[in-house]
Amino acid sequence: MIFWLIAATGAALVSMLLMRALWRGATAPVPTRAEHDLQVYRDQLTEVEREVARGVLSDADAARVRTEISRRILAADTARADVIQSGAQPSKLMMGVIAAAMIGGSLALYMWLGAPGYGDLALRDRIAFAKELRENRPSQANAQASLPPAPTMADLSPEYAALLTKLRETVATRPDDAQGQTLLAQNEARVGNFAAAATAQSAVVRIKGADASVEEVASYAELLVLAAGGYVSPEAEAVLRAVLTRDVENGTARYYWGLMLVQTGRPDQAFKMWDGLLRRGPKDAPWIEPILAQIEPIAEMAGVNYTVPEIGGGALRGPSADDIEAAEDMTPAQRMEMIGSMVEGLSERLATQGGPVEDWARLISSLGVLGQTDRAQAIYDNALDVFADDPKALDEIYRAGERASLAQ
């Protein structure tokens with residue numbers, strides 16, 4: 001209620017100032033053609049007196065000229081009086097329209113763009129609310145239970161239904177057959193039975209253990225999300241974290257991690273992650289279209305005036321502040337493992353493809369954070385040779401060496 005009183009009072013004060021300016025502008029004297037003529041005639045009278053004083057003009061001629069100029073002055077003064085008397089006066093209707101537009105229009109605009117009744121939340125409170133939302137969100141089982149039943153076999157052709165039934169029966173008798181579970185997960189997903197597909201893919205990951213590939217674990221996380229109707233549950237989050245710990249650049253995991261951040265009140269972090277995916281590409285990656293369909297409203301929620309970048313226009317370059325911030329909920333050991341994975345990817349890229357000085361500086365600083373001083377020193381010395389002819393680049397390398405406490 002206090003907000004509405006303050007807003008209405010502010011609009012009323014502004015309206016009063018506008019109406020006051022309108023009234024004063026309408027009633028204030030405005031120079032007219034008649035006033036200009038009057039000034040000219042007065043100047044002419046003065047000039048006549050000077051001409052008489054110099055003896056250039058006789059008294060008789062001067063009297064005749066004064067009479068003519070005086071006649072013109074009277075005519076101009078009469079015209080000026082008529083203009084003043086018929087001058088425009090401020091319209092009360094117009095002032096009323098202005099007041100209504102200012103007060104009613106501003107309140108209506110807030111009702112449309114604002115959030116009436118929504119309490120003010122500081123950034124710290126919003127972050128705390130998002131953390132609470134994330135910690136207390138529904139489980140995978142509850143999310144799946146709230147969805148409609150999976151598609152039935154009646155929707156399939158008789159031949160395919162028979163093959164799928166046979167595959168299910170075979171896998172049921174051989175639960176530790178990784179190849180059979182993989183085929184079952186693929187076919188269950190193909191028919192839209194994502195819960196069964198996630199169960200089969202879980203078995204694949206369980207059977208292979210440490211030998212399960214990053215793609216297989218990421219596929220399991222994706223099937224969990226699909227089985228929950230697009231919702232990223234705590235169980236799916238745990239699987240995504242395992243993927244990112246092994247491969248921080250995994251596109252599937254980064255997309256769904258961003259989706260989880262959106263669902264738990266952190267569109268700011270989600271935007272940074274999705275924007276990075278768009279810039280990295282490639283254009284035909286499966287996560288590009290879903291991100292393009294969602295990122296603009298997410299950017300607006302994050303308070304970013306966003307223009308979609310060129311897809312694949314920039315590679316993801318090692319550990320950044322945004323990546324570390326997005327992983328702030330991890331344990332210190334998990335976070336260091338994640339950063340280590342990112343550093344390895346950056347190091348391999350620089351060793352095989354090279355890169356700009358910013359990447360070299362980032363790698364040196366990151367190795368210093370990880371405590372790998374000897375390795376950081378070796379890369380630092382190598383960078384000095386690579387950029388020996390570029391003083392500006394050398395300055396950045398020197399600063400990176402200082403941050404990593406290296407010998408210089």
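Bear in mind that the values in this text are calculations on the coordinates, not laboratory data. Note that the structure is a prediction, hence the values are computed from the model and not measured. Backbone-built Cβ (ideal geometry, glycine too); neighbour counts: all protein chains shown.
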Hey, what did segment 176-226 get for relative contact order, percent, Cα under 8 Å, at least 6 apart?
-> 38 percent
Ratio Rg/Rh [Cα only; Rh per Kirkwood] for segment 140-311 = 1.02
By what distance, in whole Å, do the Cα atoms of segment 221-303 stretch along each of the three principal axes, largest value first?
-> 29, 27, 21
Which aspartates and glutamates does Lys166 reach when only Cα atoms under 14 Å apart count, and residues fewer than 8 places away in its own chain are ignored?
-> Glu188
Candidate lysines - alpha carbon under 20 Å from Lys283, same-chain residues fewer than 8 apart omitted | Lys272
Once the Cβ-Cβ distance between Met111 and Ile6 is put in as r, and R0 is 22 Å, what FRET efficiency do you end up with, to the nearest 0.05?
-> 0.90
Between Asn136 and Leu93, what is the FRET efficiency for a Förster distance of 41 Å, r being their Cβ-Cβ separation, to the nearest 0.05?
-> 0.10
With +1 on each Lys and Arg Cβ and -1 on each Asp and Glu Cβ, how big is the dipole of segment 170-254 about its Cα centre, in debye rounded to the nearest 20?
-> 80 debye
Short to long, in 10 Å steps from zero, the percent of alpha-carbon pairs of segment 125-195 per bin is 17, 33, 26, 13, 10, 2
For 184-196, 166-178, ranked highest to lowest by mean beta-carbon neighbours within 10 Å, the order is 184-196, 166-178
